[in-house]
Amino acid sequence: MENTKLPRTASARRAGARNIAVTAMLSALATVLMFISFGLPILPSYLKLDFSEMPALLASFALGPVYGAVVCLVKNLINLSATTTGGIGELCNFLIGVFFVVPAGLLYRRKRTRSGALAGMLVGSVIMAVSSIFVNLFLVYPAYMLVMPQEAIVDMYSALVPWADEIWKGILVFNTPLTFCKAILDSLITFLLYKRLSPVLKGRV
């Protein structure tokens, strides 16, 4: 009986090592993408767009939701070395990312089809956008207001949309749609790439 268990143990170890290696690779890619952020003319200058959740979504689909969450964690831990928010921005990015990739991965595990992937990504995108309201309202902007007057933040919003004269209105008008668009773009890229990358990520080549 011992001899029959050894190959399984060795195989499990190899699979575990491969999953760690793939997670590390995707974390490195997510870290680079997180540094490559850019603004849009229609948004306040401090709101940035990046595609760093895409590698985490790939990990969540290929390896499981826990691995997707790990990619979100690692990229933010690395980015702490260059933080300008005292870690608050990284904490919020991690939370919002987890709210995206974990539900998407869980739904895809239940239905491993194209429609299952699309449903998972759509649900994850909605959850990410909704959760961003509370993360911004109770974590991000209280931290910003330690170094920037609330009036200055509101002025940046109302300069673009006059009726966005309170923090929560600005979040609904700018932050939440940006977060949702970011999730949809990450989902689109993942949907286009996943079928080709899946054998590599799962070690089937």
Label assignment, mean projected area of the Cα convex hull in nm² derived from the structure, set [x] 13.2; [y] 19.1; [z] 10.6: [x]
Per-pair calculated FRET efficiency, R0 = 22 Å: LEU160 and SER37 via Cβ, rounded to 0.05: 0.70
Convex hull projection area averaged over all views, the stretch 62-136, Cα basis, nm²: 4.9
Average accessible area per residue (Å²) across the stretch 108-205 - probe 1.4 Å, nucleic acids and ligands excluded: 58
Label-point gap, in nm, between LEU137 and THR9 - each point 7 angstrom along Cα→Cβ: 5.3
Residues in the stretch 68-109 that a label on VAL123 would reach, taking backbone N under 14 Å of a point 7 Å out along Cα→Cβ: 99-109
Protein accessible area in the chain, 1.4 Å probe - carbon and sulfur %: 70
Largest-first principal axis extents, alpha carbons of the stretch 107-147, Å: 47, 13, 11
Acute angle (nearest 10 degrees) that the helix 65-79 long axis makes with the longest principal axis of the chain, alpha-carbon atoms: 50
At 0.692 mPa s and 37 °C, Stokes diffusion of the stretch 131-202 via Kirkwood alpha-carbon radius, µm² per second: 231
Above-threshold pairs, the threshold being 29 Å between Cα atoms, out of LYS48/LYS169; LYS48/LYS111; LYS111/LYS169: LYS48/LYS111; LYS111/LYS169
Segments 99-110, 21-32, 72-83, 154-165 sorted - mean Cβ within 10 Å per residue, highest first: 99-110, 21-32, 72-83, 154-165
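The values are calculated or read from the model by the stated rules, or taken from the named source; none is laboratory data. Keep in mind that what you see is a predicted model, and the values were worked out from it rather than measured. Please note: Cβ atoms are built from the backbone with ideal geometry, for glycine as well, and neighbour counts cover all protein chains shown. The accessibility values were calculated without ligands, DNA or RNA, using every heavy atom of the protein model including side chains. Shrake-Rupley method; radii C 1.70, N 1.55, O 1.52, S 1.80 Å.
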